[in-house]
């Protein structure tokens, strides 16, 4: 994934790939290998755009539509069914699984810490457990 930045940006230093990996350590840790493979493939096929963030967003969206929920994602959705569905986060187990398909098993395990959170606390708990994972 980080190599696409070097392909698209001509003024990139040779250290860019390691800096990219260091800067995105949390994202890389909470992403599944399958999600990273799909994103990398998308970025390698894509034309370079003036705004690299647009390419990242486009490839992430493509990745989400190309992934099937992992067993770990579906297990999380089952374990978190009560707060997720009572708090109107997801309409179906499949929508929950699709959302969580891009996350790594360790990141999903960290999110399970939120299984007893109230609806009011759920968003903050998930932000702390899932989106801060690996940082």
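The values are calculated or read from the model by the stated rules, or taken from the named source; none is laboratory data. Fair warning: this is a prediction, and the values are worked out from it, not measured in the lab. Positions of Cβ are backbone-derived with ideal geometry, glycine not excepted, and every protein chain shown enters the neighbour counts.
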Self-check item: Failed criterion for residue 47 (all others in (1) at pLDDT below 90; (2) surrounded by 14 or more Cβ atoms within 10 Å (Cβ to Cβ) hold)
Solution: (2)
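Among the residues of the stretch 76-86, which ones are part of a helix (DSSP H, G or I) and in contact (Cβ under 8 Å) with a residue 12 or more places away in the chain? Break it down into steps so the answer makes sense when it comes.
The initial filter retains those residues of the stretch 76-86 that are part of a helix (DSSP H, G or I), namely 76-79, 81-86.
Across the stretch 76-86, the qualifying residues are 76, 77, 78, 79, 81, 82, 83, 84, 86.
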Practice problem: State yes or no: is residue 73 more than 17 Å from residue 26 (Cα to Cα), in contact with a strand residue (DSSP E or B) (Cβ under 8 Å, 6 or more places away or on another chain), surrounded by 15 or more Cβ atoms within 10 Å (Cβ to Cβ) and in contact (Cβ under 8 Å) with a residue 24 or more places away in the chain? | Solution: yes
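Identify, please: which residue in the stretch 50-65 is surrounded by 16 or more Cβ atoms within 10 Å (Cβ to Cβ) and in contact with a helix residue (DSSP H, G or I) (Cβ under 7 Å, 6 or more places away or on another chain) and is, among those, modelled with the lowest pLDDT? Let's see the steps before the verdict.
Residues of the stretch 50-65 surrounded by 16 or more Cβ atoms within 10 Å (Cβ to Cβ): 55-56, 59-60, 62-63.
Within this subset, residues satisfying the condition of being in contact with a helix residue (DSSP H, G or I) (Cβ under 7 Å, 6 or more places away or on another chain) are 55, 59-60, 62-63.
Values: 55: 79, 59: 87, 60: 86, 62: 89, 63: 89.
Filtering the stretch 50-65 for residues that are surrounded by 16 or more Cβ atoms within 10 Å (Cβ to Cβ) and in contact with a helix residue (DSSP H, G or I) (Cβ under 7 Å, 6 or more places away or on another chain), the one modelled with the lowest pLDDT comes out as 55.
Considering only residues that are closer than 19 Å to residue 118 by Cβ and either in contact with a strand residue (DSSP E or B) (Cβ under 9 Å, 6 or more places away or on another chain) or surrounded by 15 or more Cβ atoms within 10 Å (Cβ to Cβ) (or both), which ones fall in the stretch 80-97?
To start, the set of residues in the stretch 80-97 that are closer than 19 Å to residue 118 by Cβ comprises 80-90, 96.
Correct list: 80, 83, 84, 85, 87, 89, 90, 96.
Kindly indicate which of 19, 72 is modelled with pLDDT of 80 or more, in a helix (DSSP H, G or I), within 19 Å of residue 134 (Cα to Cα) and over 12 Å from the mean Cα position of the chain (by Cα). Walk me through how you get there before you give the answer.
On the way: 19 fails: modelled with pLDDT of 80 or more.
The conditions single out 72.
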Quiz item: Checking residue 50 against (1) free of Cβ contacts under 8 Å to residues at least 12 places away in the same chain; (2) in a helix (DSSP H, G or I), which test does it fail?
Solution: (2)
